[in-house]
1. If you check ILE60 against the conditions, is it of a type outside the set (Lys, Arg), assigned by TED's automatic domain parsing to the domain that holds CYS88 and under 22 Å from ASN188 (Cα atoms)?
2. Name the single residue, out of those in segment 46-63 being of a type in the set (S, T, N, Q) and without any contact (Cβ under 8 Å) to a residue 24 or more places away in the chain, that is nearest to PRO89 (Cα to Cα).
3. Given the criterion charged (D, E, K, R), free of Cβ contacts under 8 Å to residues at least 24 places away in the same chain and over 30 Å from ASN189 (Cβ atoms), identify the matching residue among LYS105, LYS81.
4. Condition test on ILE35, is it away from ligand 1 (no atom under 16 Å from the Cβ), surrounded by fewer than 19 Cβ atoms within 10 Å (Cβ to Cβ), aliphatic (A, V, I, L, M) and under 22 Å from the mean Cα position of the chain (by Cα)?
5. Restricting to segment 99-149, name every residue that is closer than 18 Å to GLY17 by Cα and not in a helix (DSSP H, G or I).
6. Of the residues that make up segment 178-197, is at least one more than 29 Å from VAL93 (Cα to Cα) and outside the structural domain of CYS41 (by TED's automatic domain parsing)?
7. Identify all residues within segment 140-168 that are free of Cβ contacts under 8 Å to residues at least 12 places away in the same chain and either under 29 Å from TYR114 (Cβ atoms) or among the basic types (Lys, Arg) (or both); write none if there are none.
8. Looking at segment 71-105, which of its residues are more than 24 Å from GLY131 (Cα to Cα), surrounded by fewer than 15 Cβ atoms within 10 Å (Cβ to Cβ) and of a type outside the set (Gly, Ala, Ser)?
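The values are calculated or read from the model by the stated rules, or taken from the named source; none is laboratory data. If you're wondering where the values come from, they're calculated on a predicted model, not measured in any experiment. In this analysis, Cβ positions are derived from the backbone assuming ideal geometry, glycine residues included, and neighbour counts consider all displayed protein chains.
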Amino acid sequence: MLINFNRTVAYRCPACGEFAYGNFSLFELSGRKGISVQCSCGHSSIEILPENKVTYSIRIQCLVCDEIHKFSLPFSSLAKKECCEFTCPNVIVGLVFIGKDEAVKKAVCQNEAYVSEVVAACGLNHTGKNGVTMLKALDKIQDLSDREMLFCECGANIIDVEIHEDDIILECCLCGSTMVLTTDMIRNNNFAHLDKLVIPCKH
Ligand SMILES: [Zn+2]
Ligand SMILES: [Zn+2]
Ligand SMILES: [Zn+2]
């Protein structure tokens with residue numbers, strides 16, 4: 001039997017929302033060295049670094065909750081398992097997949113299909129590849145609204161939320177002022193940590 005030392009890593013890029021792929025050999029991870037894979041968008045990377053003699057650690061900024069999640073990867077799992085899967089602890093979205101090429105690609109497809117189902121169940125089919133980003137935005141908007149931290153400068157807090165493929169429009173039902181949240185803003189502007197959203201009045 002031929003032993004396959006090559007591994008593929010796929011991670012969900014927090015900057016562009018796409019899956020980024022990289023390849024490495026188990027030999028590259030031996031000893032004290034780690035490996036790093038960068039997304040083709042150039043705005044994020046992931047590192048697999050030795051934690052001790054038998055375990056590697058992976059740190060990734062999460063697309064969904066903006067936190068840095070840290071995962072442990074035992075070398076034995078990496079050597080034996082077809083695919084090791086790491087998901088966001090807050091929302092069940094696959095963030096990192098490491099293993100044999102075919103198994104990783106299959107797991108990514110399965111996770112994408114699962115995410116699409118959740119997105120569709122929320123009535124967000126039309127948001128395409130931005131589905132996860134929109135789920136994250138809606139969750140945050142709902143949270144702010146529940147805490148009465150979503151309002152318009154005019155004082156009203158009845159806000160209409162319109163979700164498009166690439167952005168969300170918030171409109172004050174009283175004065176008609178609007179605010180546009182682009183997917184880039186939602187992904188990259190510390191959106192998950194906002195403590196309030198105020199629609200600027202045009203008057
Ligand atoms: Zn990217
Ligand atoms: Zn997360
Ligand atoms: Zn208003």
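1. Considered against the rule, which asks whether it is of a type outside the set (Lys, Arg), assigned by TED's automatic domain parsing to the domain that holds CYS88 and under 22 Å from ASN188 (Cα atoms), ILE60 comes out as yes.
2. So, considering only residues that are of a type in the set (S, T, N, Q) and without any contact (Cβ under 8 Å) to a residue 24 or more places away in the chain, the one nearest to PRO89 (Cα to Cα) is SER57.
3. LYS81 is the lone residue from the list that is charged (D, E, K, R), free of Cβ contacts under 8 Å to residues at least 24 places away in the same chain and over 30 Å from ASN189 (Cβ atoms).
4. yes
5. LEU124
6. yes
7. GLN142, ASP143, ASP146, ARG147, GLU162
8. Of everything in segment 71-105, those that are more than 24 Å from GLY131 (Cα to Cα), surrounded by fewer than 15 Cβ atoms within 10 Å (Cβ to Cβ) and of a type outside the set (Gly, Ala, Ser) turn out to be PRO74, LYS80, GLU82, GLU102.
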